[in-house]
């Protein structure tokens with residue numbers, strides 16, 4: 001289920017997500033968004049709506065300080081692990097903790113957090129996660145050199161995944177980090 005797409009444009013991170021909730025052959029169009037802004041961050045999740053609810057409503061992500069990569073790998077992930085454990089969602093198998101996959105945008109950087117808490121960043125300034133990720137990545141690649149606004153590129157990627165993947169469906173939700181000069185304000189969230 002799901003596709004979450006993200007890209008970096010002019011110092012901002014833009015995310016888009018679908019609304020599918022899939023269990024076997026059952027599809028529920030969910031009202032609760034898979035992408036959202038929280039403080040200076042923008043996030044979009046796959047894997048579990050429970051994990052997403054914890055990210056959206058319980059996770060108190062620390063404010064970035066110092067080297068952003070080091071911060072994300074240490075303080076951000078440590079706070080995330082605590083939140084997921086406290087919320088009863090973290091999994092442990094053979095002494096290794098597992099979570100879910102999601103995208104995080106902060107200060108013009110787009111990170112993918114994997115289920116092993118790995119923090120990755122694509123050199124392409126765009127990425128996608130979820131069952132429709134390969135289709136969405138193709139659309140993001142195909143539109144990279146075109147004079148399109150971020151929302152149009154995200155919509156093209158979401159629409160391609162929606163058309164070719166049974167686990168993805170509209171409506172789409174979008175969120176973006178604040179403009180670089182407005183980072184002190186919270187980002188907005190809109191629906192399409």
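All of the numbers you see were taken from the coordinates with simple rules; none came from a lab. Worth saying up front: this structure is predicted, and the values here are computed from it rather than measured. Every residue, glycine among them, receives a Cβ derived from its backbone with ideal geometry; neighbour counts consider all protein chains shown.
Brief remarks follow.
- Cα centroid separation - segment 21-88 against segment 128-173, whole Å: 21
- With each label modelled as a point 7 angstrom along the Cα→C-beta vector, the residue 25-residue 67 pair spans 5.3 nm.
- Across the chain, the relative contact order, built from alpha-carbon pairs under 8 Å that are at least six residues apart, equals 34 percent.
- Listed peptides 51-60, 115-124 by packing density, highest first (mean Cβ within 10 Å): 51-60, 115-124
- Spatial extent of segment 3-191: Rg and Dmax, with the Cα atoms as the point set, Å: 15.6, 49
- Among 43, 148, 72, 1, the order by Cβ neighbours within 10 angstrom, fewest to most, reads 148, 72, 1, 43.
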